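Trainee: First the structure, then my questions, so here it is.
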Amino acid sequence: MTVEYVDAGEAIDQGTLSRKVGTAPAVVSNVTYERILDARSEPQNWLTYYGTYNGHRYSPLDQINTENVKRIGPAWMFQAGTSGMIAGASTYAFEATPIVVDGVMYVSGWDGWLWALDATNGQEFWRYKHAVPYDVSLCCGNVNRGVAVAKGKVFMVTANAHLLALDATTGKRVWDKTTGDVRAGESATQAPLVIKNLVIVGSAGGEFGVRGHLDAFEIDSGEHVWRCYMVPKPGEPGSETWPADGDAWARGGANPWLTGTFDPETNLLYVGTGNPAPDFDGGVREGDNLFTDSIVAVDVDTGRIRWHYQCTPHDVWDYDSISECILFESDGRKLLGHFDKNGYFFVVDRTNGELVQVTPFVDRIDWGAITRDGKVTPRKYPDKEGEPVHFYPGPAGAKEWTHAAYSPATELFYVPVQDTGATATRRRREFKESIPYWGAGVQVDADDMTGCISAFDANGEEKWRWRADLPMCASVLATGGDLVFAGEPSGEFNALDARTGEHLWKFQCGSGHHSSPITYQVDGKQYIAVPVGWGGWIEGFLPGMLGAGHGSALIVFALPD
C-alpha cells in the first residue's frame, strides 16, 4: 500500500483514505558517517550524492560492460508525474540523483516530492509531499537535486528554503528547519551532504541579490551549528574586493547551490560558488567580488573558509563556478579538478588552493584568455548600457550544473559539454527585494549550439570526443565496466566506451535528460537508474526538443534474466 505524508505529518492513503501506515525496510538505521566514508567498499549501494565523498560519480560495478551493454533494456519504470504541465508551471524538471541503500531507493522530485521505492521493481513504500507556496521566487526552475541519508533519516531541502529530516522507514517528518529568507528570494535546490554528525546545505537565489551561505545542522536534533557566508562583510578577509561604500556586498550572490565534496584527511569541504549579483552589471560592484565564482574550502567543524581560488574575478557573464570539485591524486599530490562554466578546466592543490594548471575544455571561448601568469583574463565586457555584446560560452556555460565523472580505472575525466554562445545587453536596474536582479537582457544562440562528451586526462589533454547534435545537459556516470552513460535533451540515453569514446548503445526515454544517473546492485543484479523529464522551458532554450507536457519518470535498466 502506498502512503503519502503531507506537510502536516498526516498519513493518507490516496486510494482509500485509510489511516494505515506503509513502511520501508529499516536499511538506513545503520548508515553512519563511517559507512559513507568507506562507500567505495560497498559498490552495490549509492550512499551519497556523488556515490562517494570525492565526487567521482564512478562505480566499480562491472556486470554491465562494453561487451554486453547492447543487451540491456528497461527493468522497471516509476512514473513520477507530468513535469511540464503541473499547475500551469513551465520550469519543472526531474534533476535528482537517487540514493540506494540495500535494495531501497530514495529519490526526490520537483515541488517538494520524495519517494521511497523498492530498488528491484519500483514499488512505492511511501511518498512525502512538502507544501511549497506558489509565490516562492525561483530563478531557474522548481527542482530538487536529491537527498542524503544517515542514522535512520532521509534529508531533503525544499524550494521555500527548508531542510527536512524524515523517518526513512515511514516517511514521517522528524524535524523541519528554515535555511534561508524566502521573502528575500532565497531558496534551496541541492542535495544535502552528511559529514560526521552534521547535515550541510547551501543556499540558492543569487539572481535575486541575496548573500550566499552554507549551513550545518546537527543530524539528530536539527540544531543549527554554523553558517558560512560566501560574501565577506566589511572588515572581513576579501571585503576589499567589494566597493567600500554602500551595501553591494549584502546582496552579492555567491550562493553555493550545488553539493560539495569532502576530504577527511584535510577535514575540508570543497564547494563551488555562484555568480555575483547583479549578474551582468559590474558597475555597481567594482572589484574582484570574492568569494563569487570560486572554489572554496571550508573547515567542516567550524564553518570557516580556509582557502579559495577564484575562477572568474568580477564576473559579468553569469559564469557560476558551482560545478563539482572532483578530488584525485597525481604524482603524490592531493588535487582537485573543476570544469567551470567559463569554459576552462582548473586543477588546484586541494590542501592550499594553489593553481596547478588551467586548460580550455570547449572549442569556442572568446570572453577571456589564459595569460602568461597562468590565469584567465577577460577580453570583453557587456559594460555599455543598451549595447549588445556577444560572447562564448553563453551564461548556460560550457558546462552547466550537471556533473562530470572521473574513473580511477582509466584516470580520465568525462565531461558533458555545452558549446553555445549568447548576447547580453546591459540594462541597469535598481535593487528591489525578491525581484530578479540580473542587470541585462540575454538571448541564447538557439540556432548555433552543439555539444559532446569529452574525455580529459589530469593534464587537460583531450583523449577522445563523442559529438552530439545538441548541448549535453545531463550528468555522466562512469563504471568499472569501462562504460560512460550520458543522456541527451532529445531523450536518448547513451553508453560509450570509457577508453575510446565508441558509441555502444542508446535508448529513447521519451523526455529530455537533465539529471544524474547512478548504478547499483541488488541480489547480484546490476541496475542503471536515470530520472528523465524536463519541463516546458526546454522548448524556449532548445527549440524543437521534447519536454513540454511530457511525463517524468525514473527508468531503470539491466541485463535480461
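Read-outs: derived from the displayed coordinates by stated rules, not from any lab. Quick caveat: nothing in here was measured; it's all calculated off a predicted structure. Every residue, glycine as well, gets a Cβ built from its backbone with ideal geometry; the counts of neighbours run over all protein chains shown.
Trainee: Given the C-alpha centroids of region 460-493 and region 443-458, what is the distance between them in whole angstrom?
Mentor: Centre-to-centre (Cα) distance: 11 Å.
Trainee: With each pseudo-label sitting 7 Å past Cα toward Cβ, what's the Arg306-Lys375 distance in nm, one decimal?
Mentor: 2.4
Trainee: Hey, which of these cross-link pairs are over 26 Å Cα-Cα: Lys463/Lys506; Lys153/Lys334; Lys70/Lys341; Lys172/Lys525?
Mentor: Exceeds cut-off: Lys153/Lys334; Lys70/Lys341; Lys172/Lys525.
Trainee: Could you tell me what % of all Cα pairs in region 385-462 have separations over 20 Å? Please report the intermediate quantities before stating the final value.
Mentor: On the way: 1523 of 3003 pairs.
For region 385-462, the share of Cα pairs beyond 20 Å comes to 51 percent.
Trainee: Got the relative contact order for region 326-388 handy, in percent, Cα pairs under 8 Å and 6 or more residues apart?
Mentor: Over region 326-388, the number comes to 18 percent.
Trainee: If you don't mind, another one. Give or take rounding to whole Å, what are the principal axis extents of the alpha carbon atoms in region 210-368, in descending order?
Mentor: Cα spread of region 210-368 along its principal axes, largest to smallest: 45, 41, 23 Å.
Trainee: Expressed as a fraction of 2.2 N^0.38 Å, the rule-of-thumb size for a compact globular protein of N residues, what is the C-alpha radius of gyration of region 461-541?
Mentor: Working: Rg = 13.4 Å, N = 81, 2.2 N^0.38 = 11.7 Å.
Here the answer is 1.14, to two decimals.
Trainee: Something else: State, as an integer percentage, the relative contact order of the chain based on alpha-carbon contacts under 8 Å between residues 6 or more apart.
Mentor: 15
Trainee: What is the packing order of peptides 64-75, 168-179, taking the mean over residues of other C-beta atoms within 10 Å and listing the highest first?
Mentor: Packing proxy ranking, top to bottom: 168-179, 64-75.
Trainee: Of Gly122, Phe155, Pro98, whose Cα points farthest to the positive end of the dipole of region 89-163 (charges on the beta-carbon: +1 Lys, Arg; -1 Asp, Glu; origin at the Cα centre)?
Mentor: Checking the options against the dipole of region 89-163, the answer is Phe155.
Trainee: Highest first, please rank the peptides 451-457, 338-344, 495-501 by the mean number of other Cβ atoms sitting within 10 Å of their residues.
Mentor: Highest mean packing first, the order is 338-344, 451-457, 495-501.
Trainee: From the helices alone, meaning DSSP H stretches of at least four residues, give me the mean residue ellipticity at 222 nm for the chain, per-run term -39500 (n - 2.57), in deg cm²/dmol to the nearest 500.
Mentor: -500 deg cm²/dmol
Trainee: Give me Rg/Rg_expected for the chain, where Rg uses Cα atoms only and Rg_expected = 2.2 N^0.38 Å with N residues.
Mentor: On the way: Rg = 21.8 Å, N = 561, 2.2 N^0.38 = 24.4 Å.
Against the compact-globule rule of thumb, the ratio is 0.89.
Trainee: If I model a spin label at Arg71 and Phe431 as a point 7 Å from the Cα along the Cα→Cβ vector, what separation in nanometres do I get?
Mentor: That separation, rounded to one decimal, is 6.1 nm.
Trainee: Which peptide among 189-200, 515-526 comes first, and what is the full order, when sorted by highest mean count of other Cβ atoms within 10 Å?
Mentor: 189-200, 515-526
Trainee: Which whole-number percentage describes the relative contact order of region 427-509, with Cα contacts under 8 Å and a sequence gap of 6 or more?
Mentor: 17
Trainee: Where the centroid of each part is defined by its Cα atoms, how far is region 126-199 from region 368-392 in Å?
Mentor: Between the Cα centres of region 126-199 and region 368-392 lies a distance of 37 Å.
Trainee: Full extension from Asn30 to Glu286: what is 0.36 nm times the residue separation minus their Cα-Cα distance, to one decimal in nm? Show your work: numbers first, answer last.
Mentor: Working: separation 256, 0.36 × 256 = 92.16 nm, distance 5.05 nm.
Extra length from Asn30 to Glu286 when fully extended: 87.1 nm.
Trainee: Continuing with this model, one more query. Using only alpha carbons, build the gyration tensor for region 279-388 and give me the equivalent ellipsoid semi-axes, biggest first, whole Å. Walk me through the numbers on the way to the answer.
Mentor: Details: eigenvalues 138, 62, 23 Å².
Output for region 279-388: semi-axes of 26, 18, 11 Å.
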